[in-house]
Amino acid sequence: MKGIRTIALGLALLAGTAAAAQAQDAQPQGGQRRMGVAALLDGLTLSAEQQTKVDSIQKTFAPKLQTAREEMRATMQAGGDRAEAMKKLQAVNGELYAAVKTVLTAEQQAAFDKNVQAMEERRRQMMQNRPPSI
């Protein structure tokens with residue numbers, strides 16, 4: 001009887017481990033969501049030429065985004081106006097999104113806009129569920 005229970009427990013653990021591994025395989029690498037422009041391009045099939053142009057746009061905007069993020073982080077650490085810092089970062093993101101959309105077809109632009117709206121909604125929900133700052 002004890003042997004049967006041991007075997008059953010072993011099989012249950014094995015099945016649970018396999019299910020967890022399969023669930024992890026279904027998520028993006030590292031279990032994290034894709035971010036930035038890559039997330040906004042989900043569901044879009046870009047031609048090689050479009051992808052090259054988008055990559056170039058991202059490289060052009062990378063320093064601007066990095067600077068805006070650093071300024072926002074510094075503002076928040078100094079107890080500054082979080083909303084104002086966020087506006088600056090959003091402005092740079094808006095320029096980036098507009099540049100990316102110039103590469104997309106009308107159908108792709110519509111899907112891109114839908115992805116932007118979904119991302120903004122997720123951000124709003126995260127901000128609402130965030131514990132109050134001290």
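Here are the numbers:
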read-out: Length released on extending from Thr45 to Glu71, taking residue separation times 0.36 nm less the Cα-Cα span; value: 5.9 nm
read-out: Alpha-carbon Rg/Rh ratio, for the range 35-78, with Rh computed the Kirkwood way; value: 1.15
read-out: Simple label model, 7 Å out from Cα along Cβ direction - Asp81 to Met127, nm; value: 1.5 nm
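None of the figures in this text is laboratory data; all of them are computed from the coordinates on show. Quantities reported herein were computed from a predicted structural model and do not represent experimental measurements. As a convention, Cβ positions derive from the backbone with ideal geometry for all residues, glycine included, and neighbour counts pool all protein chains shown.
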